Amino acid sequence: MTSAPRTVACPLPGRRRGRGYPRAAPAAPAPPRTPLPAGRLPRVSRLMALALRLDHLVRTGTIADYATLARLGHVSRARVSQIMNLLLLAPDIQEALLFLPPTQRGRDPLHLRQLQPLAALLDWQQQRRLWRQLQGHASSQPPG
């Protein structure tokens with residue numbers, strides 16, 4: 001005696017697309033994108049944001065210490081220290097670094113090596129005085 005083949009029907013998640021099934025409604029057109037500002041973000045702005053992010057990772061315990069950061073980032077511990085020294089700047093200088101205008105062409109007017117002497121100062125008033133001088137020097141340089 002042979003048994004007849006059995007068919008088991010059960011619903012599966014998702015929708016079957018094939019003959020006889022209606023097509024999905026066309027997707028609504030994507031909203032127009034706001035154009036990105038011309039130029040590129042200055043390197044010191046990116047480094048300042050990186051310093052803030054790395055500090056958060058160390059403070060929350062996600063990363064054990066700066067040596068681990070250096071190992072994970074494939075950079076020297078000295079380089080991590082240079083970047084993290086940006087956190088020693090006065091808060092208003094840090095904010096100014098984060099919101100520097102985009103560099104339109106050529107080199108950035110401000111470099112990390114110019115900020116290291118400011119970060120070495122403990123007095124925020126002295127930092128601010130040197131920051132103003134540095135800004136005046138950076139804006140007087142011709143682009144390119």
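Structural size metrics of the range 27-109, computed from C-alpha coordinates, are Rg and Dmax of 16.5, 51 Å.
For the range 43-139, the relative contact order works out to 32 percent when only alpha carbon pairs closer than 8 Å and six or more residues apart are counted.
Other residues whose C-beta falls under 15 angstrom from the C-beta of A120 contribute a net charge of +2, scoring Lys and Arg +1 and Asp and Glu -1.
Note on L69, L122, L57: ascending count of other Cβ atoms within 10 Å places them as L122, L57, L69, the fewest first.
3J(HN,Hα) couplings calculated from phi for the range 110-123 with the Karplus curve 6.51 cos²θ - 1.76 cosθ + 1.60 (θ = phi - 60°) are, in sequence order, 10, 10, 4, 5, 6, 8, 4, x, 5, 5, 6, 7, 7, 8 Hz; Gly and Pro show x. Annotation: extensible slack from S76 through Q116 equals 12.7 nm (criterion: 0.36 nm per residue apart, minus Cα-Cα distance). In a DSSP loop and with at most 14 other Cβ atoms within 10 Å, the trypsin sites (Lys or Arg not before Pro) in the range 66-138 are R105, R107.
Computed from phi, the 3J(HN,Hα) profile of the range 78-88 under the Karplus parametrisation 6.51, -1.76, 1.60 (θ = phi - 60°) reads 5, 5, 4, 5, 4, 5, 5, 5, 4, 6, 7 Hz, with x in place of Gly and Pro.
Note on L57 and A96: their simple-model spin labels are 2.9 nm apart, each label 7 Å out from Cα toward Cβ. Approximating the spin labels as points 7 Å out from Cα along Cα→Cβ, the R40-to-Q126 distance works out to 3.5 nm. Using the Cβ-Cβ distance between R105 and L50 with R0 set to 25 Å, the FRET efficiency from 1/(1 + (r/R0)^6) comes to roughly 0.60. By the beta-carbon count within 10 Å of each Cβ, the least crowded to most crowded order of H111, H74, H56, fewest first, is H74, H56, H111.
Each reported figure results from applying straightforward, stated rules to the coordinates on display, with no laboratory input. All of these numbers come straight from a predicted model, not from anything done at the bench. A quick note on method: Cβ atoms are made from the backbone with ideal geometry, for glycine too, and the neighbour counts reach across all protein chains shown.
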